[in-house]
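Asker: Structure below; questions to follow.
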Amino acid sequence: MKKLTALSIASLKTEGYHRDPECTGLYVQVRPKTSGNGVVRSWLYRFKSPITGKGRWMGLGPCDCVTIHEARDLARAARKLVTFGADPIDRRNATAEAERQAALKEAASTMTFRMCCEQAVPGMVAGSRNATHVKQVKESLDRACKAFGDVAVSAIDFAMMTKFLTPIWERTPVTADRIRNRVERVLDWAKAKGFRDGENPARWPGNLEFAQFAKPKDKKHHQAMPYGDMPAFMVELRKRRDKNSARALELLILATRTNEVRLAKWDEFDFAKRLWVIPDERMKVGHPHTVPLSDQAVALLQSMPKDGAFVFPGRGAVINETALAELLQGITGNGCTVHGFRSTFSDWAHDKTAHDHSTIEHSLAHQVGSKVAQAYRRGSGLEKRTLLMQQWANHCDGAAEADNVVKLHG
């Protein structure tokens, strides 16, 4: 080999390894660029590992960044390590890891809980279709930030958590438990990122459960109207059809959930096919849902004025969410909830019809079975659901169960 110089290295174009005759084990590797024309030149040191006895190549950097003199110094330093029984690649990796850990430790000392929240929250609420839930997550963590937002996340401990949660738990245990859960998720995120170690002080089992906190009782189910009361209730409801809220509540009872009804648009309805196709962005499960319309639902919709894009317009573009609940309480005064009508329908369908569980659950826009089962059975039983929804509408009209058989529309 001729003596390597900066000029001769820059002119190397033959692919392969070019040895430096003045430094044992030092080579210039020439290889084509991954994109475009030309070649890439880089320094390599070849040695036999004193640990495994196998030959290894150690990269020393590109030739346009590392000079020949620097490359020789690096190669000689590596050769010295080999002479003393150390593998220079392993030693370099260990040094890099130590430096990384030191950097993480330094970052952890300055990484506050508030800073962690800012980075963790987007992932916590990603994909959520419920704006209220997103708002509540942020409000919960804002309360925590007022208590220890500027404290290093690595310093937050059990004592801090109990001091923060105790007054909230004494007033509203459910709220306190939700806040605790959200703080726990942020601290788990911080640990995964290397900003803290040890147990999570916001965790409930084996931790805060021993802090004299009483776990909130399970949330009560929405109170539902007995299905035997539906015919009488529908009579009272239809007396108020001059109100937008009454028409909306009637369609909800005959078809689906509150928000699907409130935000319904006229272009979602196909009256020729007697179908209402609710787009995926408005469905809780994130999939479009096709609702077969009963005779009663079609008649209700066709009797309504078409003032704009929304079926149920209101002061804020659409009818207010509380309007339906206030109307229901004004009629019944017994604590029944709007969401409870879904339970009313389910109870009636299971008790009074011969429809299978899958058809009833699909009518409620519920996912049925495991993911594997869903993959093999992709239909939604539209024909069966059409019959079921018409039977439900007939029941709400007071039709006798024995006569509650209808023909499917062609």
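Asker: For the subset of the range 71-121 comprising residues that are under 31 Å from the mean Cα position of the chain (by Cα) and among the polar types (S, T, N, Q), which member is nearest to R185 (Cα to Cα)?
Answerer: Q119
Asker: Sort out which residues of the range 102-120 are part of a helix (DSSP H, G or I) and touching a residue at least 40 places away in the same chain (Cβ under 8 Å), and write them in order of number. Even if it seems obvious, please write down each step before you answer.
Answerer: We begin by selecting, within the range 102-120, every residue part of a helix (DSSP H, G or I); these are 102-110, 113-120.
Correct list: L104, A107, A108, S109, T110, F113, C116, C117, Q119, A120.
Asker: To continue, here is another question. From the set of residues in the range 22-48 that are touching a helix residue (DSSP H, G or I) at 6+ places or on another chain (Cβ under 7 Å) and of a type in the set (A, V, I, L, M, F, W, C), which is nearest to P88 (Cα to Cα)?
Answerer: Checked the range 22-48; the qualifying residue nearest to P88 (Cα to Cα) is F47.
Asker: Any chance the range 99-115 includes a residue that's of a type in the set (D, E) and at pLDDT below 90?
Answerer: Yes: one or more hits.
Asker: Just wondering, is there one or more residues in the range 112-129 that are among the acidic types (D, E) and either more than 30 Å from E97 (Cβ to Cβ) or in contact with a helix residue (DSSP H, G or I) (Cβ under 7 Å, 6 or more places away or on another chain) (or both)?
Answerer: Looking for residues that are among the acidic types (D, E) and either more than 30 Å from E97 (Cβ to Cβ) or in contact with a helix residue (DSSP H, G or I) (Cβ under 7 Å, 6 or more places away or on another chain) (or both), one finds none in the range 112-129, hence no.
Asker: Given the structure, is P305 touching a helix residue (DSSP H, G or I) at 6+ places or on another chain (Cβ under 8 Å) and either modelled with pLDDT of 85 or more or not acidic (D, E) (or both)? Full working, then the answer.
Answerer: On the way: touching a helix residue (DSSP H, G or I) at 6+ places or on another chain (Cβ under 8 Å): no; either modelled with pLDDT of 85 or more or not acidic (D, E) (or both): yes.
Answer is no for this residue.
Asker: I'd like the full set of residues that are of a type in the set (D, E, K, R) and surrounded by 19 or more Cβ atoms within 10 Å (Cβ to Cβ), limited to the range 193-208.
Answerer: Passing the criteria: only R196.
Asker: Give the residue that is farthest from W189 (Cα to Cα), with candidates limited to residues of the range 145-162 that are touching a Cys at 6+ places or on another chain (Cβ under 8 Å) and assigned to a helix (DSSP H, G or I).
Answerer: C145
Asker: Then there's this: Return the pair list, or none, for Cβ contacts closer than 6 Å from residues in the range 139-152 that are over 8 Å from C117 (Cβ atoms) to residues that are among the aromatic types (F, W, Y) and part of a helix (DSSP H, G or I), at least 6 apart or on different chains.
Answerer: Within 6 Å, the pairs are A147/F164; F148/F113; V151/F113.
Asker: Next up: Being closer than 25 Å to M283 by Cβ, surrounded by 11 or more Cβ atoms within 10 Å (Cβ to Cβ) and of a type outside the set (S, T, N, Q) is the filter here, so list the residues in the range 116-132 that pass it.
Answerer: Of the residues in the range 116-132, the ones closer than 25 Å to M283 by Cβ are 121-132.
In the following step, the residues that additionally are surrounded by 11 or more Cβ atoms within 10 Å (Cβ to Cβ) were identified as 121, 124-125, 128-130.
Listed by number, the residues that qualify are V121, M124, V125, R129.
Asker: Looking only at residues that are of a type in the set (G, A, S) and surrounded by 14 or more Cβ atoms within 10 Å (Cβ to Cβ) in the range 290-322, which one is farthest from E250 (Cα to Cα)? Walk me through it before giving the result.
Answerer: Initial filter on the range 290-322 (of a type in the set (G, A, S)): 294, 297, 299, 303, 308-309, 314, 316-317.
Retained after the next criterion (residues that are surrounded by 14 or more Cβ atoms within 10 Å (Cβ to Cβ)): 294, 297, 314.
Values: S294: 12, A297: 8, G314: 17 Å.
For the range 290-322, the residue satisfying everything is G314.
Asker: List the pairs whose first member sits in the range 244-272 and is farther than 23 Å from W348 by Cα and at pLDDT 90 or above, whose second member is not hydrophobic (A, V, I, L, M, F, W, C) and not in a helix (DSSP H, G or I), and whose Cβ atoms are under 6 Å apart, counting only residues at least 6 apart or on separate chains?
Answerer: Final answer for the pair search is W266/K306.
Asker: Within the range 308-342, take every residue that is aliphatic (A, V, I, L, M) and over 21 Å from M230 (Cβ atoms) and give me the one that is modelled with the lowest pLDDT. Working first, answer last.
Answerer: So in the range 308-342, the residues aliphatic (A, V, I, L, M) come out as 309, 311, 317-319, 323-325, 327-328, 331, 338.
Then drop every residue that is not over 21 Å from M230 (Cβ atoms), which leaves 309, 311, 317-319.
Working: A309: 89, V311: 90, A317: 77, V318: 82, I319: 85.
Only one residue tops the list, namely A317.
Asker: Given the conditions (1) crowded, with 16+ Cβ neighbours inside 10 Å; (2) at pLDDT 85 or above; (3) outside the structural domain of F195 (by TED's automatic domain parsing), and given that Q136 satisfies all but one, which numbered condition is not satisfied?
Answerer: Condition not satisfied by Q136: (3).
Results for (1) within 27 Å of the chain's Cα centre (by Cα); (2) not assigned by TED's automatic domain parsing to the domain that holds I253, shown as yes or no for each residue.
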residue: F164; (1), (2): no, yes
residue: T172; (1), (2): yes, yes
residue: N181; (1), (2): yes, yes
residue: A190; (1), (2): yes, yes
residue: G198; (1), (2): yes, yes
residue: K215; (1), (2): yes, yes
residue: F233; (1), (2): no, no
residue: E236; (1), (2): no, no
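Asker: Filter the range 374-410 down to residues that are assigned to a helix (DSSP H, G or I), surrounded by 11 or more Cβ atoms within 10 Å (Cβ to Cβ), modelled with pLDDT under 60 and within 40 Å of the chain's Cα centre (by Cα), then give me how many there are.
Answerer: 1
Asker: Hey, another quick one. I want to confirm something. Restricting to the range 11-27 and keeping residues that are farther than 28 Å from V82 by Cα and without any contact (Cβ under 8 Å) to a residue 24 or more places away in the chain, which single residue is surrounded by the fewest Cβ atoms within 10 Å (Cβ to Cβ)?
Answerer: T14
Asker: Identify the single condition in (1) part of a helix (DSSP H, G or I); (2) touching a residue at least 12 places away in the same chain (Cβ under 8 Å) that A299 does not satisfy, given that it satisfies every other one.
Answerer: (2)
Asker: Looking only at strands (runs of 3 or more DSSP E) that lie completely in the range 1-55, which have at least 1 residues being β-branched (V, I, T)?
Answerer: Working: elements: 16-19, 26-32, 39-48.
In the range 1-55, 26-32, 39-48 are the strands (runs of 3 or more DSSP E) which contain 1 or more residues that are β-branched (V, I, T).
Asker: Something else: Please enumerate the residues belonging to the range 12-27 that are among the hydroxyl-bearing types (S, T, Y) and under 14 Å from I68 (Cα atoms).
Answerer: Matches in the range 12-27: T24, Y27.
Asker: Do you know which residues across the range 17-43 are over 50 Å from the mean Cα position of the chain (by Cα) and not β-branched (V, I, T)?
Answerer: Y17, H18, R19, D20, P21, E22, C23, G25, L26, Y27
The values are calculated or read from the model by the stated rules, or taken from the named source; none is laboratory data. Since the model is a prediction, treat every value here as computed from it, not as a measurement. Positions of Cβ are backbone-derived with ideal geometry, glycine not excepted, and every protein chain shown enters the neighbour counts.
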